[in-house]
Each structure stands twice: as C-alpha cells, then as structure tokens.
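To start, the structure under review is shown below, and the notes come after it.
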Amino acid sequence: MAAPDMTSSTIKVAQIPSAIMQQALEWQVSFWSGESGTDEHQRFERWLNTGPQQQDAWRQVQAMNSRLNEIAGPSTAGALRIKRQQLARRRTLKTLLFISGSGLALYGARRTPQWQALAADYHTGRGEQREITLPDGGRLTLNTDSAVDIAYDSDIRRIRLQRGEIHVATAADQQLPVRPFVVETLQGRARAIGTRFTVRQQDGRSIVAVSQGLVELRPQDVDEVLLVKAGERASFDRSGVSPLQQTPQGGEEWLRGLMMAERMPLRDFLANLARYRSGIVRCHDSVGELAISGVFSVRDTDQTLTALTQILPIRITYATRYWVSVSAR
Amino acid sequence: MDFAASSPATALTREVSALYCQHHDWLRCWLQRRIGNRFDAADITQDTFVRILLNGHSPAPEQSRAHLTQIAKGLMIDMHRRRMLETAWLESLASMPEQHVPSAEARAIILESLVRIDVMLDDMPAKIRATFLLSRFDGLTYSEISTALNISVATVRKYMLKAVQSCMACLDGSP
C-alpha cells in the first residue's frame, strides 16, 4: 500500500505515451494489492527513474489515487451499495412505469414494503416457495412473496406473518409445560392445537384454513374467540371474525404447486395467479365475471394463462413478460 | 461554475439571453409539472441555461424546447442520483461512531466525488464493480478478494486493471 507519494496540486495534462501510462496504471494496481514486497518497490523505483514521462504518468495516477482515497471508506462503500440495492429492487417496477405512463399512482399501489422482507427472518420472492424446519421439529412452508419472523422463547412459540401465506404442520413441544403455538398476523393471532393449517395475510384481513386439528382465532381489538376445525376456513380482521366456510381442500393445494378453482370469477382467479408472478396481470371488465373451475399450476403461470384461453373465450396479450392483459376474444 | 469568465460577451451569450427570455418560464413550468417541487424546478431551470453556456453552442430556434428539455432531463437524473447517494450515505454514516462523521463542507466535497464514482460503477460489469469496491472501499487484499469472490488472484488483478482505467477517466483531477 505504501507507494511513493508524488501527488502534486497542479496536474498538467501532458501528452504521455499510452504505453507508459499503462505501465503506471499497472504499478498502481500492484500497490493496491496490499501484498507488494520490497523487491517490487525496487523495480518500481528503477522504472520511475527511467525518465520524465514515467514521472509525469505516475503523478497523474497519484492525483487520481489521492482523490479516491479521500472518499473511500466504510461509510461511502455503504452508500454505494445501499443505493445499488434500492435501484435493483426498483428496476422491475421502473420497467412497468415506463410502459404504463401513469407512473406515480401505480407505484403507490404496487409498492411492496421491502423493509419487511429485509427485516424478516425468512422470506420468499414471487413464484418461490420454501420449507423451513422449526426449532421444535414442526414444519413451516412459505408460499410465494411471503415473509415471517420466528420468535420462540421460554413461554411461547411465535411465528409473525408479515406478508403472504404460510402453511404450518406443528410438532409436539419438547418442553414442559407445553408452550402455546401461535401465528400472529396484522389483525390478530391464530393459536394452533396439534394441527396442520394455512394462514394468509391479505390487505386488512387474515384467512385461516385448517386441514387437521383445531385452531383458535383471536382478533386484535375485541375479546372474541372462534374455533376453526379441520376442513373449515375463516377470516378475521382486527375487530371480528367472519362466518366459517367449508373447504374440502383445506387451502393446502399450493404446497403441491397447484391452485384450485370452483366456479371462481376470472377476476379473482387472475388476482390469485398474479401473486406467483412478477409484474402485473390485468383483467378486462368484460371478462371479469366469467366463472372458472379446475386445477391449475402456479409453478408455470405462463402455461396456466395459455390453458385459460382454451377453456374460456378470452385473449391474452403480453406487452412484456411483466405486463399481461386478459380481455374478450 | 465561473462561466462569465470562460465565455465573454459574444454571439453565444446574446443567443442564450434570448433563449432565456423566451423559454425560461415555460421550462420552469414544465419541470414543476414533472418534479412537483417549485425550488428544484427553479434550480434545474437555472442549471439548464448554465449548461448551454458551458457547452458553447445554442440550439437552432426550432429545436429550442426539445434541446432544453433534453438537458433538463439529464439534470433531473443527476439530481435524483445525488439525492439517493446522499441519503444512502447519511444512513450509512448514522451507523458509524460519531468521530468519523465529516463536516458539512467535507461532505459536499466527498459527495461530489461519490457521484462521479457512482456513475463509473454503473458502467462497470458487476464482477469488476464488486472487486473494485472490496479493494478500494473495504481495504481487502487481492488474496482476500480472491477468496471472497471465488476467483483467482490473477483475475482480481485483471479486473483491477480495468477498474483503474475507469478511475483515471472519472477522477482525472479536474473539479
């Protein structure tokens, strides 16, 4: 690192043969290695004393190096990296903004709270699923675009669902007394009693579907409790629980990469499918009410979209991979 | 930005004055619609005309507005880059011990160079960028970088040679 310092305050832009400039740059790169030895320094001294052009070249390189040293450090490195991460995250979105033209409204509507994903213990991107073994041996699966914190302590086994959807297969607690197992959402908590179940965080609501055992729901703002049994589904917001529905599939089909629909309006179907892809899927009003039934793949959403055109009188237009419109044929 | 000294009262100054009188208000309104901030719009309007004076040639009359908006757009991007970097840097400084925080004046100077480096990094391939940052900003030796990025020391050296050439072009000592 300790290269001879020949910095001068006035830098004249002299015509230096490019071969000599190149040699000066190579010396700089050698000194930057942090591993140059004394004989390298001696060879450098000999090169530098070859003539005035070498010295001019070295002076110019040193002017650059000292400006670089002025700013280089952990904080500026942090700045350059933070900015790049922010840009990378916005890039996909930006592509969309240029296409749509109505930038800001869309940006506000589609912006996902990225800090949640960064702060969360585990998260998945669009179209990604991930299985995690919990500290007690239970299994947690994250569906597409989801984020959770796992907070186990001596009194409670707690999963915080920040975003998206999870499936939980609980295990018997190895501690005594047995600690309760709880999934917290933005609207309240679901307490599991020896179960397999799914929790999904939507805008303002949480949906719980149980396939085995029993789950107790407790909205945040009221003293109300609802028990959901195997084969049932319920949703709740902060102030209350909605009536139960029967769900033969238990809402677990996504674990196998599938999505089921039973006379589902196309609009809802596409909104659901859109969770598994980057970008936007738009449904034209004229086809939004078409009913759809069947089993579809969420792993290959392009293929699912193509399959739709074979069973419904619709047309699919790709402006880009990230912007899909569905309209009447 | 001492443009008065570098360009005496010539035909150019007269042309730019005319351009300024005709289009200044229009450009400011155009910018304000896009940015939504009166002060930024006024600043960028001013800088746009300064830039034309520094460039040394004014546009043909029928292209005046296209030319002005093109320059203004570039300046808007520059402003955005500078703000993002400044915010990111302050964020990063906030996590450091207090004695490392530079004065306001030093910050302005550093930010200037930081903007240049950032432009340079944008043009670099990702691997060279990562190598350069580890070496010059994190102070790693080439062997350490070679381990961190799983590339040979010879490759680290090759990347750094590319990076040093970009540095010469971007930090050539001129203000």
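Just so you know, all these numbers are worked out from the coordinates, no wet-lab data involved. All figures in this text were calculated on a predicted structure; none of them were measured in a lab. Neighbour counts run over all protein chains shown; Cβ positions are idealised from the backbone, glycine included.
Applying the Karplus parametrisation 6.51 cos²θ - 1.76 cosθ + 1.60 with θ = phi - 60° to the phi angles of the stretch B:140-146, what ³J(HN,Hα) value in whole Hz is obtained for each residue in order, glycine and proline being reported as x?
7, 7, 4, 5, 5, 5, 4
Let me know the mean shielding of B:67-80 by other chains, meaning the per-residue number of their Cβ atoms within 10 Å of its Cβ. Could you put the intermediate results ahead of the total?
Values: counts 0, 0, 0, 0, 0, 0, 0, 0, 0, 0, 0, 0, 0, 0.
Mean partner-chain Cβ count within 10 Å for B:67-80: 0.
Suppose a student asked you for the relative contact order of the stretch A:115-246, using Cα pairs under 8 Å spaced at least 6 residues apart; what percent would you report? Walk me through the intermediate numbers first.
Numbers: 359 pairs, mean separation 20.6, N = 132.
Result for the stretch A:115-246 is 16 percent.
Would you please give the residues with an amide H less than 5 Å from that of B:I151, counting only those at least 5 places away or on a separate chain, with H modeled from the backbone geometry?
Close amide H contacts, sequence-distant or interchain: none at all.
When only C-alpha pairs under 8 Å and at least 6 residues apart count, what is the relative contact order of the stretch A:257-328, in percent? Display every interim value, and only then the final one.
Details: 116 pairs, mean separation 26.9, N = 72.
For the stretch A:257-328, the relative contact order is 37 percent.
Pull out the extension gain between A:T50 and A:L227, defined as 0.36 nm times the separation in residues minus the alpha carbon to alpha carbon distance; nm, one decimal. Don't jump to the answer; show the numbers that get you there.
Values: separation 177, 0.36 × 177 = 63.72 nm, distance 8.78 nm.
Length gained, A:T50 through A:L227: 54.9 nm.
Taking just the alpha carbons, could you work out the radius of gyration and Dmax for the stretch A:140-194, both in angstroms?
11.3, 35
Let me know the mean shielding of B:153-161 by other chains, meaning the per-residue number of their Cβ atoms within 10 Å of its Cβ.
On the way: counts 2, 0, 0, 3, 5, 1, 1, 7, 6.
Per residue, the average neighbour count from other chains is 3.
Once amide H atoms are placed 1.01 Å from N in the peptide plane, what residues at a sequence separation of 5 or more from A:Q162, or on another chain, have their amide H within under 5 Å of its amide H?
A:A147, A:V148, A:D149
Applying 1/(1 + (r/R0)^6) with R0 = 51 Å to the Cβ-Cβ distance of B:S17 and A:V178, what FRET efficiency is obtained, to the nearest 0.05? Before the final figure, lay out the partial values.
On the way: r = 84 Å, r/R0 = 1.64.
It comes out at approximately 0.05.
Once you place label points 7 Å from the Cα toward the Cβ at A:A271 and A:Q310, how far apart are they in nm?
So the two model labels end up 2.8 nm from each other.
Translational D (Stokes-Einstein, µm²/s) of chain B at 10 °C and 1.306 mPa s when Rh comes from the Kirkwood sum over C-alpha pairs?
Values: Rh = 19.3 Å.
Reported coefficient: 82 µm²/s.
How shielded is A:60-72 by partner chains, expressed as the average number of their Cβ atoms within 10 Å of its Cβ atoms? Before the final figure, lay out the partial values.
On the way: counts 3, 3, 1, 5, 8, 5, 2, 10, 9, 1, 5, 12, 10.
Average per residue, whole number: 6.
Any chance you could run the full-extension gain for A:E26 through A:D302? It's 0.36 nm times the residue separation minus the Cα-Cα distance, nm to one decimal.
Details: separation 276, 0.36 × 276 = 99.36 nm, distance 5.06 nm.
Net length gain for the segment: 94.3 nm.
Could you give the size of the charge dipole of chain B about its Cα centre, using +1 on the Cβ of each K and R and -1 on the Cβ of each D and E, expressed in debye and rounded to the nearest 20?
Numbers: 19 positive and 19 negative charges, 100 e Å.
Magnitude of the dipole: close to 480 debye.
For chain B, what's the relative contact order in percent, using C-alpha pairs closer than 8 Å and at least 6 residues apart?
Working: 96 pairs, mean separation 27.4, N = 175.
Here the relative contact order equals 16 percent.
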